[in-house]
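*Asks:* Structure in structure tokens, see below.
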Amino acid sequence: MTLLTPSPWPDYELIDSGDFMKLERFGPYVLARPEPQAIWDCSLSEAEWERLAHATFRRDKQSPERGEWQKLKPIQDPWTVDFRQQGLNLTFKLALTSFKHVGIFPEQAVNWTYIHDAVKALPVERPRVLNLFAYTGGATLAARQAGADVTHVDAVKQVISWSKENMSMSSLDNVRWLVEDAMKFVKREERRGNTYHGIILDPPAYGRGPDGEKWVLEDQLNDLLKTCAALLDRQDFFFVINSYSLGFSYIILDNLLTQCFGTLPNSQSGELYLTDSGQKRLPLGVFSRFSSVNL
């Protein structure tokens, strides 16, 4: 089991966590929002959280997946943050959404750098990379900046538009954008005989495709991974999967990947986490990744 956390970067900080909340700084703004795995006590007092926070997220009692932000101090919404590490030079637009998200998952920085390094290391002039459930495109931009031809697939049109803004602000271009159901897309690619040198997956626990297609992680992940195994180049490749689903073990990912792909060269699997200023480690999902190149 491998535990991974990003190297410190100036535009992000996990200040505190506890009481099912987390207090984070994104660029100049400090946000308080729910975190179901932070079951311990906060290190800072409630008064200190209120003093630091520019905005806090309040859940809608009628719809626990949604809510609204209460602004406590002036805040420019949207705003931008930069990520400058290990050859990456990316800019992301952030915004206060009704689903508590802001546009990036900071723990994924460890995968952005891995993807960038994998694309650079593959002995292929323009590696073909597929990013499924691609959200606002952190992994897409990391692969593109390394020189890959990237196909970015997400079911939400507005999220694709957000990703395009991030691409432009990061001085990149020529990403293939698709508003598509991930399962339908990979099945079609398999029938066409297409392959990719890199595949990236960040599937949600539950979701809907653009035409209402239902996604349930436990029910469909096995089938999705079997199809991805057929799409992955057999000589020069890398593969990354994340899952933020309570109770979903990295051992499950290992079993599925071994079943679907066979031998997993240069593999790593475990948990992603962030550390707050009180040195509490906040788990933020499980991951598995492997590659034909030793990174």
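*Asks:* Among (i) 31, 20, 19; (ii) 29, 23, 19; (iii) 52, 17, 15, which is the computed semi-axes √(5λ) of the Cα gyration tensor in Å?
*Replies:* From the options (i) 31, 20, 19; (ii) 29, 23, 19; (iii) 52, 17, 15, the structure gives (i).
*Asks:* By how many nm would the segment from V124 to D173 lengthen if fully extended, with 0.36 nm per residue of separation less the alpha-carbon distance?
*Replies:* On the way: separation 49, 0.36 × 49 = 17.64 nm, distance 1.97 nm.
Length difference between fully extended and current span is 15.7 nm.
*Asks:* Whose amide H sits under 5 Å from the amide H of L295, counting only residues 5 or more places off or on another chain, with H placed in the peptide plane?
*Replies:* Answer set, sorted by chain and number: none.
*Asks:* With charges set only on the Cβ (+1 for Lys and Arg, -1 for Asp and Glu), what does the dipole of the range 209-264 come to about its Cα centre, in debye to the nearest 20? Could you put the intermediate results ahead of the total?
*Replies:* Numbers: 3 positive and 8 negative charges, 25 e Å.
Result for the range 209-264 is approximately 120 debye, rounded to the nearest 20.
*Asks:* Charges only on Cβ, +1 for Lys and Arg, -1 for Asp and Glu: so what's the dipole of the range 3-73 about the Cα centre, in debye to the nearest 20?
*Replies:* Roughly 300 debye for the range 3-73.
*Asks:* Volume per residue, Å³, of the convex hull around the alpha-carbon atoms of the range 41-174?
*Replies:* Details: hull volume 18.8 nm³, N = 134.
Cα-based convex hull of the range 41-174, divided per residue, equals 141 Å³.
*Asks:* Considering only the chain, what is the antiparallel percent among its DSSP beta bridges, to the nearest 5?
*Replies:* Working: 42 of 65 bridges.
The antiparallel proportion sits near 65 percent.
*Asks:* Here's a follow-up. If you take every DSSP beta bridge fully contained in the range 97-248, what fraction is antiparallel? Give it as a percent rounded to 5.
*Replies:* Values: 3 of 21 bridges.
Rounded to the nearest five, the antiparallel share is 15 percent.
*Asks:* Whole number in Å², please: accessible area per residue of the range 1-142, 1.4 Å probe, ligands, DNA and RNA not counted. Present the calculation step by step, with values, prior to reporting the outcome.
*Replies:* Numbers: 6520 Å² over 142 residues.
With all protein chains present, the range 1-142 gives 46 Å² per residue.
*Asks:* Let's see if you can work this out: charge +1 on each Lys and Arg Cβ, -1 on each Asp and Glu Cβ, no other charges. What is the dipole magnitude of the chain about its Cα centre, in debye to the nearest 20? Mind showing how you got there, number by number?
*Replies:* Values: 32 positive and 37 negative charges, 116 e Å.
That gives the chain a dipole magnitude of about 560 debye.
*Asks:* May I ask for the distance between the Cα centers of the range 47-117 and the range 197-222, given as a whole number of Å?
*Replies:* Distance between centres, Cα-based: 23 Å.
*Asks:* A further question on this structure: Quick one: net charge of A38's neighbours, Cβ under 14 Å, K/R +1, D/E -1?
*Replies:* On the way: positive: K22, R33, K100, K280, R281; negative: D16, D19, E24, E35, D41, E107, D276.
That works out to -2.
*Asks:* While we're looking at this one, here's another question. I need to check one value: relative contact order of the range 131-174, counting alpha carbon pairs closer than 8 Å and at least 6 residues apart, in percent. Don't skip to the end; give the middle numbers.
*Replies:* Values: 42 pairs, mean separation 19.4, N = 44.
Over the range 131-174, the number comes to 44 percent.
*Asks:* Report the Stokes-Einstein translational diffusion coefficient (µm² s⁻¹, integer) for the range 155-295, Rh taken as the Kirkwood radius over Cα pairs, at 37 °C with viscosity 0.692 mPa s.
*Replies:* On the way: Rh = 16.7 Å.
Stokes-Einstein gives a translational diffusion coefficient of 196 µm²/s.
*Asks:* Another one. Which of the peptides 247-254, 209-216 is most tightly packed, and how do the rest follow, going by the mean number of other Cβ atoms within 10 Å of each residue? The partial results should precede the final answer.
*Replies:* Working: 247-254: 15.6, 209-216: 13.4.
With the highest mean Cβ count within 10 Å placed first, the list reads 247-254, 209-216.
*Asks:* Right, here's the next one. How much of the accessible area of the chain, probe 1.4 Å, is carbon plus sulfur, in whole percent? Display every interim value, and only then the final one.
*Replies:* Numbers: 6390 of 13460 Å².
After summing per-atom areas, the C and S share lands at 47 percent.
The values are calculated or read from the model by the stated rules, or taken from the named source; none is laboratory data. Just so it is clear, the model here is predicted, and its values are computed rather than measured. Using ideal geometry, Cβ is built from the backbone for each residue, glycine included, and neighbour counts are taken over all protein chains shown. Accessible surface areas use protein heavy atoms only, side chains included; no ligands, DNA or RNA. Shrake-Rupley method; radii C 1.70, N 1.55, O 1.52, S 1.80 Å.
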